[in-house]
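Notes follow the structure.
The values are calculated or read from the model by the stated rules, or taken from the named source; none is laboratory data. The structure presented is a predicted model; accordingly, all values stated were derived computationally and were not measured. Glycine also receives a Cβ, built like all others from the backbone with ideal geometry; neighbour counts cover every protein chain displayed. To get the accessible areas, we keep the full protein, side chains included, count just its heavy atoms, and leave off ligands, DNA and RNA. Shrake-Rupley method; radii C 1.70, N 1.55, O 1.52, S 1.80 Å.
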Amino acid sequence: MAGLTLEHVGKKYPNGYEGVKDFNLEIADKEFIIFVGPSGCGKSTTLRMIAGLEDITSGTLKIDGRVVNDVEPSERDIAMVFQNYALYPHMTVYENMAFPLRLRKVDKAEIDKAVHEAARILDLEKLLDRKPSALSGGQRQRVAMGRAIVRKPKVYLMDEPLSNLDAKLRVQMRAEISKLHDRLGATIIYVTHDQTEAMTLGTRIVVMKEGVMQQVDTPSKLYAEP
Ligand code: ADP
Ligand code: ADP
């Protein structure tokens, strides 16, 4: 179970700028919710507040009904996947995927099991000894996904995870992410600029503009011909 509730959530940066204003949204368990909107409209800020990487300056964020405004990122059971992958260049694929578990002092046998399971799901079994520099773009993105899924979090936050990939790979990875969503049974919040991605992946789409949520609806309703 992992539903999220945003009640009047706002972000005022120290310089006084309001990046997000009075955001109200109920996200159901296992939803695949998409955030769209022009650059600078507050998508990343919202994701970072949900992850706990940025303070919420007004309002309340709840996960499964529990207020988490002051809960540390590591205690939120949330994983983030970024567009630039953020892999450690000096570590192998195996070590990159093991890292979040090593940080949490999980024992070696359990780490080994989790890494191999993630590698199987993401078709990375033959690449475990490689460094990121010896991988293609799509493979790197799969390692970044792998590093997120080893912890089996209930919520995934994905910030334009496919935007650095070429068109063909994007279509392929889109299908993989859709399968992953079914398989993991997790809640996903996903930022994209790509309308096809939004339509094919999303259960609902949130449209943001200048820090304000303009609209939220299913893809078919949002993109219906007038
Ligand atoms: P998006 O992800 O939709 O492109 P962001 O959430 O990154 O937008 O940014 C929302 C707004 O907040 C932007 O106008 C951005 O310039 C501003 N912003 C982001 N970080 C800061 C900061 N540390 N201080 C002041 N303003 C910021
Ligand atoms: P893409 O065009 O998809 O980015 P690349 O042309 O970079 O892929 O790589 C094609 C294949 O060669 C991939 O399977 C990748 O893992 C492998 N590869 C790329 N660079 C290296 C390297 N330095 N050492 C070993 N294998 C590599």
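Computed values, structure above
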{"quantity": "Pair list, Cβ < 7 Å and 6+ apart or interchain, from region 81-107 residues that are free of Cβ contacts under 8 Å to residues at least 24 places away in the same chain to residues that are outside any loop (DSSP other than H, G, I, E, B) and buried (at least 16 other Cβ atoms within 10 Å of the Cβ)", "calculated": "Arg102/Ile111"}
{"quantity": "Filtered residue count, region 154-167, keeping only those that are open to solvent by 10 Å² or more (accessible area, probe 1.4 Å) and either outside any loop (DSSP other than H, G, I, E, B) or at pLDDT 90 or above (or both)", "calculated": "4"}
{"quantity": "Among residues of region 10-35, those that are over 26 Å from Pro219 (Cβ atoms) and either charged (D, E, K, R) or more than 21 Å from the chain's Cα centre (by Cα) (or both), counted", "calculated": "8"}
{"quantity": "Per-region count, region 8-38, residues away from ligand 1 (no atom under 15 Å from the Cβ) and either part of a loop (DSSP other than H, G, I, E, B) or modelled with pLDDT under 95 (or both)", "calculated": "4"}
{"quantity": "Complete set of residues in region 103-148 that are open to solvent by less than 30 Å² (accessible area, probe 1.4 Å) and touching a Ser or Thr at 6+ places or on another chain (Cβ under 7 Å)", "calculated": "Leu128"}
{"quantity": "Residue in region 149-167 that is farthest from the chain's Cα centre (by Cα), counting only those that are under 20 Å from Ala98 (Cα atoms) and hydrophobic (A, V, I, L, M, F, W, C)", "calculated": "Val150"}
{"quantity": "Residue under evaluation Ala2, criteria (1) away from ligand 1 (no atom under 13 Å from the Cβ); (2) at pLDDT 95 or above; (3) among the small types (Gly, Ala, Ser); (4) closer than 16 Å to Ile189 by Cα, criterion not met", "calculated": "(2)"}
{"quantity": "Residue ID - nearest to ligand 2 (Cβ to nearest atom), chosen from residues in region 176-222 that are under 14 Å from Tyr156 (Cβ atoms) and aliphatic (A, V, I, L, M)", "calculated": "Ile177"}
{"quantity": "Checklist (1) assigned to a loop (DSSP other than H, G, I, E, B); (2) modelled with pLDDT under 95; (3) within 16 Å of ligand 1 (Cβ to nearest atom) applied to Asp55, failing item", "calculated": "(2)"}
{"quantity": "Region 134-153, subset part of a loop (DSSP other than H, G, I, E, B) and either within 16 Å of ligand 2 (Cβ to nearest atom) or aliphatic (A, V, I, L, M) (or both), residue nearest to Gly52 (Cα to Cα)", "calculated": "Val150"}
{"quantity": "Flag for Ser220 being open to solvent by 50 Å² or more (accessible area, probe 1.4 Å) and either touching a helix residue (DSSP H, G or I) at 6+ places or on another chain (Cβ under 7 Å) or closer than 17 Å to Glu31 by Cβ (or both)", "calculated": "yes"}
{"quantity": "Residue among Asp123, Asp182 that is in contact with a helix residue (DSSP H, G or I) (Cβ under 8 Å, 6 or more places away or on another chain) and either assigned to a helix (DSSP H, G or I) or within 24 Å of Tyr88 (Cβ to Cβ) (or both)", "calculated": "Asp123"}
{"quantity": "Search result, residues across region 186-203 that are part of a loop (DSSP other than H, G, I, E, B) and either within 14 Å of the chain's Cα centre (by Cα) or surrounded by 20 or more Cβ atoms within 10 Å (Cβ to Cβ) (or both)", "calculated": "Ala186, Thr192, Gly202"}
